[in-house]
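The values are calculated or read from the model by the stated rules, or taken from the named source; none is laboratory data. Just so it is clear, the structure is predicted and the values come from calculations on it, not from any experiment. A quick note on method: Cβ atoms are made from the backbone with ideal geometry, for glycine too, and the neighbour counts reach across all protein chains shown. All accessible areas refer to the heavy atoms of the entire protein, side chains included, with ligands and DNA or RNA removed. Shrake-Rupley method; radii C 1.70, N 1.55, O 1.52, S 1.80 Å.
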Amino acid sequence: FLEAFESLLRLAENRTSSLFETAYRPMAKEAAEPVKKLFRDISLYILGAETTVEGAVLRFFDSLFPLVYSRLINPGITDLSEDYTECLRLTRQDINPFGRYSKNMVTELSKSLWASRMLSQALSLGIEVINTTEHAVLSKECSRALVKMQYCPHCQGLTLIRPCVGYCLNVMRGCLASVSELDAQWREYISTLEYLTNEMAASHDLEIALTGIRNSINEAILHAQLNGPQLSATVDKVCGQPKQEGNLSSDHIVPVKEATETQALVMAHASLNNKRREFINYMKRSRTFYASIAERLCEGDLVMKDSSTCWNGEDVVE
């Protein structure tokens, strides 16, 4: 799952980077780091880091506005000092140059990334539970019962006889009583995984949200460019007028239509969907694992299956 997440993130990041390289070349080089940081923050959020989608998206637009303003809206600006850049960043929060598009991006990503984050945390919890119970400590009573079941027949020269199924079940259920208590929680855990995978495949589709980042950013930049004169008037009042060369105007608004999905993206989408289906079907089959663990152990080579006689703890019986 994590490999699939990372693959989708890389594809979405590459698509977003290509937007700047093809449509907004004057700021492509400087926009590379904010784009990289946005997707790094998204990845950390999915993995459970103490961050928010809203914070990641708004930090990105904070970093983007100085570039859009100085490279596209007022391309003649030569003095993009640290103080002036910081003023532009802070002004973005007040004048909202990207309109509704920045908030829409937060909304769309929050829904899908929440489900992905919860699934990632749930999978980590499942690994922790399995690792803990894999090394369950056996009590002295259990150890004695296992030895008696396996080796007492040998004292009578019955080295080939094996325990009866019922006897094995009694011993194993006693040994695994504490483990079987996980049954209710494990069933609930499987139900939670099923819910989260369904959420990811429905309205919270991660692939759709990630591939939509490129279009959301493009629409946001276009909105800022179209409102360039009003933005410039406000910025001049708040941050002052920077040095400019000539009277260059922003006459290169380049609307970018969303291209059809690349083959790699389609394959990644199908791959994650297939993994989701296979995974949840497998996990649903393990719903009764902790309740039936004794039965599973006593179905193997531990007990006598191909003979009419077995050891019941005291003697050989039919």
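Consider residue 40 against the criteria (1) charged (D, E, K, R); (2) in a helix (DSSP H, G or I); (3) at pLDDT below 95: it satisfies all of them except one. Which criterion is unmet?
Single failed check for residue 40: (3).
Within the stretch 158-187, track down each residue that is β-branched (Val, Ile, Thr) and under 28 Å from residue 308 (Cβ atoms).
Within the stretch 158-187, 159, 161, 165, 171 qualify.
Regarding the stretch 25-36, can at least one residue be identified that is modelled with pLDDT under 95 and touching a Lys or Arg at 6+ places or on another chain (Cβ under 7 Å)?
Yes, the stretch 25-36 contains at least one residue that is modelled with pLDDT under 95 and touching a Lys or Arg at 6+ places or on another chain (Cβ under 7 Å).
If you take the residues in the stretch 119-150 that are exposed (fewer than 15 other Cβ atoms within 10 Å of the Cβ), of a type in the set (Gly, Ala, Ser) and assigned to a helix (DSSP H, G or I), which one is modelled with the lowest pLDDT?
Of everything passing the filter in the stretch 119-150, 124 is modelled with the lowest pLDDT.
Just give me the residues in the stretch 82-118 being free of Cβ contacts under 8 Å to residues at least 40 places away in the same chain and not in a helix (DSSP H, G or I), in sequence order.
96
Considering (1) modelled with pLDDT under 70; (2) under 21 Å from residue 103 (Cα atoms); (3) assigned to a helix (DSSP H, G or I), say which one residue 225 fails and leave the rest.
With respect to (1) modelled with pLDDT under 70; (2) under 21 Å from residue 103 (Cα atoms); (3) assigned to a helix (DSSP H, G or I), residue 225 is out only on (1).
Does the stretch 97-117 hold any residues that are open to solvent by 60 Å² or more (accessible area, probe 1.4 Å) and modelled with pLDDT of 90 or more, and which are they?
Once the filter is applied, which keeps residues that are open to solvent by 60 Å² or more (accessible area, probe 1.4 Å) and modelled with pLDDT of 90 or more, the stretch 97-117 yields 100, 103, 104, 107.
Considering only the stretch 151-164, state which residues are outside any strand (DSSP E or B) and buried (at least 16 other Cβ atoms within 10 Å of the Cβ).
153, 161, 162, 164
Which of the residues belonging to the stretch 59-75 are open to solvent by 10 Å² or more (accessible area, probe 1.4 Å) and closer than 13 Å to residue 223 by Cβ?
Within the stretch 59-75, just 73 meets the criteria.
Checking residue 78 against (1) of a type outside the set (Asp, Glu); (2) under 30 Å from residue 240 (Cβ atoms); (3) under 30 Å from the mean Cα position of the chain (by Cα); (4) open to solvent by 50 Å² or more (accessible area, probe 1.4 Å): exactly one of these is not met. Which one?
Residue 78 satisfies all of (1) of a type outside the set (Asp, Glu); (2) under 30 Å from residue 240 (Cβ atoms); (3) under 30 Å from the mean Cα position of the chain (by Cα); (4) open to solvent by 50 Å² or more (accessible area, probe 1.4 Å) except (3).
Could you give me the residue pairs with C-beta distances under 8 Å whose first residue belongs to the stretch 1-23 and is within 15 Å of residue 46 (Cα to Cα) and touching a residue at least 24 places away in the same chain (Cβ under 8 Å), whose second residue is surrounded by 20 or more Cβ atoms within 10 Å (Cβ to Cβ) and among the small types (Gly, Ala, Ser) wherever it lies, and which are 6+ apart or on separate chains?
4/268; 5/116; 7/268; 8/268
Pairs under 9 Å by beta carbon, first residue within 13 Å of residue 133 (Cβ to Cβ) in the stretch 284-300, partner acidic (Asp, Glu) and open to solvent by 80 Å² or more (accessible area, probe 1.4 Å), six or more apart or different chains?
The qualifying pairs are 290/181.
Return the pairs, sorted by first residue and then second, in which the second residue is open to solvent by 90 Å² or more (accessible area, probe 1.4 Å) and in a loop (DSSP other than H, G, I, E, B), the first residue lies in the stretch 119-146 and is more than 30 Å from residue 166 (Cβ to Cβ) and in contact (Cβ under 8 Å) with a residue 40 or more places away in the chain, the beta carbons are less than 8 Å apart, and the residues are 6+ apart or on different chains.
120/47
Looking only at residues that are outside any helix (DSSP H, G or I) and surrounded by fewer than 16 Cβ atoms within 10 Å (Cβ to Cβ) in the stretch 192-214, which one is modelled with the highest pLDDT?
Across the stretch 192-214, the extreme among qualifying residues is 202.
Can you tell me which residue within the stretch 13-44, out of those that are open to solvent by 30 Å² or more (accessible area, probe 1.4 Å) and not charged (D, E, K, R), is farthest from residue 200 (Cα to Cα)?
Ranking the qualifying residues of the stretch 13-44, first place goes to 26.
State which residue pairs qualify: first residue loosely packed, with under 12 Cβ neighbours inside 10 Å and inside the stretch 176-191, second residue modelled with pLDDT of 90 or more and assigned to a helix (DSSP H, G or I) in any location, beta carbons under 7 Å apart, and separation of 6 or more residues or different chains.
Short answer, once both residue conditions are applied: none.
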